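The values are calculated or read from the model by the stated rules, or taken from the named source; none is laboratory data. Bear in mind that the values here come from a model prediction, so they are computed numbers and not experimental data. Cβ placement follows ideal geometry from the backbone for every residue including glycine, while neighbour counts extend to all protein chains displayed.
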Amino acid sequence: MAPDGHLIRLELPSSFELLDLVQLLSDRLSAIAGLDEDATHWVSVAVRESVINAVKHGNKSDPTKLLRITAELSPKEASFTVEDEGEGFDVKEIPDPCDPANLFRTSGRGVLLIYNIMDEVEYNAQGNRVKMTKRPDGRVEARLVDPNTPDDKHA
């Protein structure tokens with residue numbers, strides 16, 4: 001992580017009741033990292049999907065098992081890692097949700113969403129931890145305040 005970045009770690013019980021809290025934190029942290037409103041919304045969707053997968057598939061909705069969520073923030077990117085205490089899985093084994101034979105299956109779409117939203121997605125070898133990274137687009141830099149402007153109170 002860059003020296004000007006921030007690292008936040010959470011350990012939470014495996015419960016869907018905490019989804020709104022995680023989503024709120026994701027929104028706030030994405031904005032701090034410089035993501036625009038649209039990107040912040042979509043990162044929130046990806047983080048929410050990864051937490052749902054971790055609770056439901058990883059920890060089998062067992063509230064005695066923990067979720068570990070890490071956010072790494074810098075002006076260049078926001079990374080969110082979600083880890084469960086489950087056995088894991090092989091992401092390559094998920095049936096393609098776009099295949100007509102799988103259209104009515106109830107799983108696989110969350111992972112597809114995560115891959116389509118984030119700039120980088122990386123699962124560990126066990127398949128119980130996913131790291132998702134999003135970078136601000138060029139419009140964010142245009143909104144940065146020039147520190148040499150007359151309105152700058154820190155000059």
Exercise for the section: Would you point out the residue of the stretch 1-57, among those that are more than 22 Å from Leu113 (Cα to Cα) and of a type in the set (A, V, I, L, M), that is modelled with the lowest pLDDT? Expected result: Ala2
Practice task
Would you check if there is a residue in the stretch 139-153 being surrounded by fewer than 17 Cβ atoms within 10 Å (Cβ to Cβ) and modelled with pLDDT of 95 or more?
Solution key: no
Exercise for the section: Hey, can you tell me all the residues within the stretch 1-45 that are under 26 Å from Lys56 (Cα atoms) and small (Gly, Ala, Ser)? Expected result: Ser14, Ser15, Ser26, Ser30, Ala39, Ser44
Exercise for the section: Determine, yes or no, whether Ile69 is touching a residue at least 60 places away in the same chain (Cβ under 8 Å), closer than 22 Å to Asn124 by Cα and not aromatic (Phe, Trp, Tyr). Expected result: yes
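Being of a type in the set (A, V, I, L, M, F, W, C) and within 22 Å of Gln126 (Cα to Cα) is the filter; apply it to the stretch 90-110 and report the residue that is modelled with the lowest pLDDT. Give the derivation first.
Within the stretch 90-110, the first condition is being of a type in the set (A, V, I, L, M, F, W, C), and the residues that meet it are 91, 94, 98, 101, 103-104.
Imposing the further condition that a residue be within 22 Å of Gln126 (Cα to Cα) reduces the set to 91, 94.
Details: Val91: 82, Ile94: 76.
Once the filter is applied, the top-ranked residue is Ile94.
Going by the structure shown, is Ile8 surrounded by fewer than 16 Cβ atoms within 10 Å (Cβ to Cβ) and in contact with a strand residue (DSSP E or B) (Cβ under 6 Å, 6 or more places away or on another chain)? Step through it out loud before you land on a result.
Values: surrounded by fewer than 16 Cβ atoms within 10 Å (Cβ to Cβ): yes; in contact with a strand residue (DSSP E or B) (Cβ under 6 Å, 6 or more places away or on another chain): yes.
Against the criterion (surrounded by fewer than 16 Cβ atoms within 10 Å (Cβ to Cβ) and in contact with a strand residue (DSSP E or B) (Cβ under 6 Å, 6 or more places away or on another chain)), Ile8 qualifies.
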Exercise for the section: Would you check if there is a residue in the stretch 65-78 being among the aliphatic types (A, V, I, L, M), assigned to a helix (DSSP H, G or I) and touching a strand residue (DSSP E or B) at 6+ places or on another chain (Cβ under 6 Å)? Expected result: no
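Restricting to the stretch 1-38, give me the number of residues that are small (Gly, Ala, Ser) and assigned to a loop (DSSP other than H, G, I, E, B).
Residues of the stretch 1-38 that are small (Gly, Ala, Ser), as a first pass: 2, 5, 14-15, 26, 30-31, 33-34.
Among the residues that remain, those that are also assigned to a loop (DSSP other than H, G, I, E, B) are: 2, 5, 14-15, 33-34.
Total meeting the criteria: 6.
Does Val91 qualify as being of a type outside the set (Gly, Ala, Ser), under 18 Å from Leu112 (Cβ atoms) and crowded, with 21+ Cβ neighbours inside 10 Å? Please lay out each step first, then the result.
On the way: of a type outside the set (Gly, Ala, Ser): yes; under 18 Å from Leu112 (Cβ atoms): yes; crowded, with 21+ Cβ neighbours inside 10 Å: no.
Considered against the rule, which asks whether it is of a type outside the set (Gly, Ala, Ser), under 18 Å from Leu112 (Cβ atoms) and crowded, with 21+ Cβ neighbours inside 10 Å, Val91 comes out as no.
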